[in-house]
Amino acid sequence: MTTPLSRPGSLEVLQPLVQPDEVDAFATTLARYREGKVAEKVFTEYRLRFGTYGQRQDGVQMQRIKIPMGRVTARQLEVLAEIAEEYADGISHVTTRQDIQIHFLKLEDAPAMFARLGDVGITCREACGNSVRNVTACAEAGVCAGAPFDVTPYAQATARFLLRHPDTQDMGRKFKISFSGCADKPCGLARMHDLGAVAKVRDGVEGFEVWVGGGLGPVPMQAKLLHDFIPATELLPTAQAITRVFARLGEKKIRSRARIKFLIEKLGFEAFARQVAEERGKLTEDPAWTDAFEEGARDVAEGPLKPPSTLDAAAIDAAGPGFRAFYENNVRSQAQSGYATVTLTLPLGDVTSDQLFGLADVCRAYVEDTIRFTADQNIVLRWVSLADLPALHADLVALDLARADGGTLANVTACPGTDSCKLGIASSRGLAGTLLERFANGLADLGARKDVSVKISGCPNACGQHHVAAIGLAGSSKRKGQSVAPVFQVFLGGTTENNADRFGATVAKVAARRAPEVVAHLTKLYDGEKEDGESFTGTMLRLGRARLAEELAPYADIPERDTAPELYRDNKQPWEYVRTVGVGECAGEVVSQAEFMLEDAERLAFEASLALEKGDAQLASTTAFEAMRAAADALLSTRGLLKSDGYDPVAEFEKHFTGEGAPFFPGTAAYIKKAAAENGSAPDAERLTRKLTETHLFVEEANVVYGKLAGAQVK
Amino acid sequence: MMTAAARQDEAVGLASLTRIDVLLPLEADPSLRAEPFIEVFGRWRVDESRVSRLGLNDLADYAHLPSGPKALMIADGFHLGVTWEQDGPAVIYSHRGPLEGDLSARFGRVIDTARALAGELLAEPAVPEAARRIVEGALTVILNDRERAPNTPAVREQAAAALAPVLDARLGAGAWIAGTDDDPRRRTTFRVSPKVT
């Protein structure tokens, strides 16, 4: 899967975007796999590198279709529609990385699908797996008045250059890149990426501010500034040098520690930056750098289909019903006079094949090929001549694509969650769908708010980007006796502004079914508490975790299943979340010692967060360790150990719950040893913040392991 | 791997067609909600005898969409659900498994299976009374494979010839008419309705 290099680091010739041989190879490898000639784990990573994922459901696949910067043509929309209805279920899902995903495919259909996508210039190569994932960029790059220049050609060059590059084929995990046109707006999200490039002009030279090591997931980290400015000509060599360091020194075995952010943490930022500089120094001039820029610029060149025009107030008034609201929420003036962008908001990021076919026709009438999928799971049409807006709106109404909720709370972001994702814990889409229903039935005022956003992930991995929402919700579960209830962790304080420069922190864990009430409660709280000009996030930060936890406490309380059976069902799922493995004894439920200890651990973890908020670093540090120890004690109690025995919890935990075949996730298990080693010392602020995150993860994992053990014991 | 040109050359691959959709329109208002069908599929997915008999996998919930397939049961060899089309809600059966025999036999098998499964679905107590009836004599047959059955005059003619005896046998000879869509981008489709005499 790699190309031999004639000189270290030099590609020499830029490879074609679509390679039909690759599709043939996939078909052959698939056949060999079916014959038992390719190992399962090898084939899995192989198909992942073509975007073909396993789903939660057996025997079907999710296909991620890589769309660099979300740019598509009208013809590509049609082919996406075709393959969704022929190979999937007729629905295309826009992801938070500007990709398209389709679900419930048969693996055997993948090669034919790849070929058809290839015919219109789309490759799925490196859409998943340990690779450079889809390069993202602001959907309004090039037409936004706030950016010094259009980042699209540079993003395209980066995507083209790093695709299949030998230096990116042996990374321990995925690598995500984003481009932003400016430092302050919420579109590019550069600071939550492995590599974020922010447009900057210095002395008349186009270039970039370069950020590295950002990421969300269970251990979110803000990116760090590697270069205040590099000229654009240095972009590709710098990106290449970073990926070379990552591939050479990054973790390869422990997946939870394999992202570049952990490598930077391990080496220290200065040492990492030196490594990058050394790698850059080794790279000789590669003609492919120039080719990539030239091809990138050619690939993405675009302009208007129609001449510029105006739209006056009288025309807005005379337009059809619903136009004014659509105009106010979904239309944005371009930097180019006489043109606007139009956002089509998609409920839960979904669009039917019929809609895509219709949209292709609409695009040909108004804009041709200036279409982009957005990171908030919508579609943006660029270069709409202003006078066309009423007619365009009418055409979109006919396609059910004229929701007037752009930029409002109703435009909820949600990952696939338990609908199809193997990692999903709670139904992010179910919650998003429930919110949409409520907004349409009695809570319209709430849905129309523009000062609050909601992003939902089905698990801590954060594909729904919950850390950067005003209200972030991440799926989890909570055991109560022999029953398990779906819950959402509530994150407050995050933002997409300034390229997502602040992540939300968890304040409570609420019943999944009550999460819509939580959204309503928090907005009401904001209305009552906000000070002049204060944002939602500003108010939440000012109120502090303790107050917010107190506010949400009623939603966090999950009574026994018999008392509140509805809380043991997920949103939009009228069946039990997990079948109870109760013993069915008439003596009633027995609460084990372990469950109490786990509850204690959760409490201690929260108290540690409070201590940090109050500035008591020492207390926060020791309490965090106590929380982990309580969680370890809980699990050790299932092995017959008693606290009164005076055992060493760290040593015993290692003995019983780590090592090969042990139930505890290895990366998380290591946190307790690290905390024990530093207990008594006062860590610096950054380490302490991390330690608290690790504490929450450790306790969470202890809950998961206990759940498995409890189930096994009952069986 | 088949190139675009080769695919065009082999366009008339109808003999090996296996992906066929059947839509059975319901005598129901477009305001019909998808939730009752989600509830039914939620029960079906854990009904072990049904899972085993039909090869059921899981449901797909798209009730939040304004149109299209809002509730689907995904099975190893088919998708079954309810879709909101321009004319209103319809049961959709999308065949995904192997098929034997000539094209007529394939059409016949898919239509019969679609009707049988639709009957099973609509008999569920959770389905509203207003949605229990299929429009008499109406159905849509879609050749869901542009490679084997591109929407060309030749394919439409060949497929129509194979479909006619199947419809005669089930709806009555001369009791039906079928319309097609000439847009080459769309799938080859036959919209069948009762012949008004």
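None of the figures in this text is laboratory data; all of them are computed from the coordinates on show. All figures in this text were calculated on a predicted structure; none of them were measured in a lab. Ideal geometry is used to build each Cβ from the backbone, glycine not excepted, and the neighbour counts take in all protein chains shown.
Structural remarks
- Of the Cα atoms belonging to the range A:610-700, the radius of gyration and Dmax stand at 13.3, 41 Å.
- For A:112-120, mean number of other protein chain Cβ atoms within 10 Å: 3
- Peptides A:78-89, A:245-256 ranked from most to least packed give A:78-89, A:245-256, packing being the mean of other C-beta atoms within 10 angstrom over each peptide's residues.
- When you work out D = kT/(6 pi eta Rh) for the range A:425-465 at 37 °C and 0.692 mPa s, using the Kirkwood radius from C-alpha pairs as Rh and the Stokes-Einstein form, the result is 296 µm²/s.
- The protein assembly as shown, Cα convex hull volume normalised per residue, Å³: 186 Å³
- Measuring nothing but alpha carbons in the range A:156-264 and taking Rh as the Kirkwood radius, the Rg to Rh ratio lands at 0.97.
- Centre-to-centre separation between the Cα atoms of the range A:69-103 and those of the range A:156-205: 23 Å.
- Cα gyration tensor shape for the range A:90-176, rounded if a/c is under 1.5, else prolate or oblate: oblate
- By the Kirkwood approach, averaging reciprocal distances over each pair of separate Cα atoms, the range A:271-380 gets a hydrodynamic radius of 18.0 Å.
- Relative pair counts by distance (%), Cα atoms of the range A:27-101, 5 Å bins: 3, 13, 20, 24, 17, 13, 8, 2, 0
- Measuring max minus min along each principal axis, the C-alpha atoms of the range A:643-684 give extents of 34, 28, 10 Å (largest first).
- Here the range B:10-96 is treated as a Stokes sphere of Kirkwood radius computed over C-alpha pairs; at 37 °C and 0.692 mPa s its diffusion coefficient rounds to 238 µm²/s.
- Full-stretch length increase - A:GLU285, A:TRP575 - with 0.36 nm per residue and alpha-carbon distance subtracted: 98.3 nm
- A P(r) calculated from all alpha carbon pairs of the range A:1-128, with 5 Å bins opening at zero, reads 2, 10, 20, 24, 19, 13, 8, 4, 1, 0 percent.
- Between 0 and 90°, nearest 10: helix A:20-34 axis offset from chain A longest Cα axis: 30 degrees
- Excluding the site residues themselves, the longest part of chain B lacking any GluC sites (Glu not before Pro) in a DSSP loop with at most 15 other Cβ atoms within 10 Å is B:28-99.
- The loop-placed GluC sites (Glu not before Pro) in the range A:490-567, going by DSSP, that have at most 11 neighbouring Cβ atoms within 10 Å of their Cβ come out as A:GLU531.
- Shape category assigned to the range A:441-523 from the gyration tensor of Cα positions, a/c cut at 1.5: oblate
- At 1.567 mPa s and 4 °C, Stokes diffusion of the range B:37-175 via Kirkwood alpha-carbon radius, µm² per second: 80 µm²/s
- Only beta bridges with both residues in the protein assembly as shown are counted; by DSSP, about 90 percent of them are antiparallel.
- Approximate spin-label separation A:GLU517-A:ARG603, in nm, with each point projected 7 Å along Cα-to-Cβ: 2.4 nm
- Relative to the dominant Cα principal axis of chain A, helix A:617-637 is inclined by about 70°.
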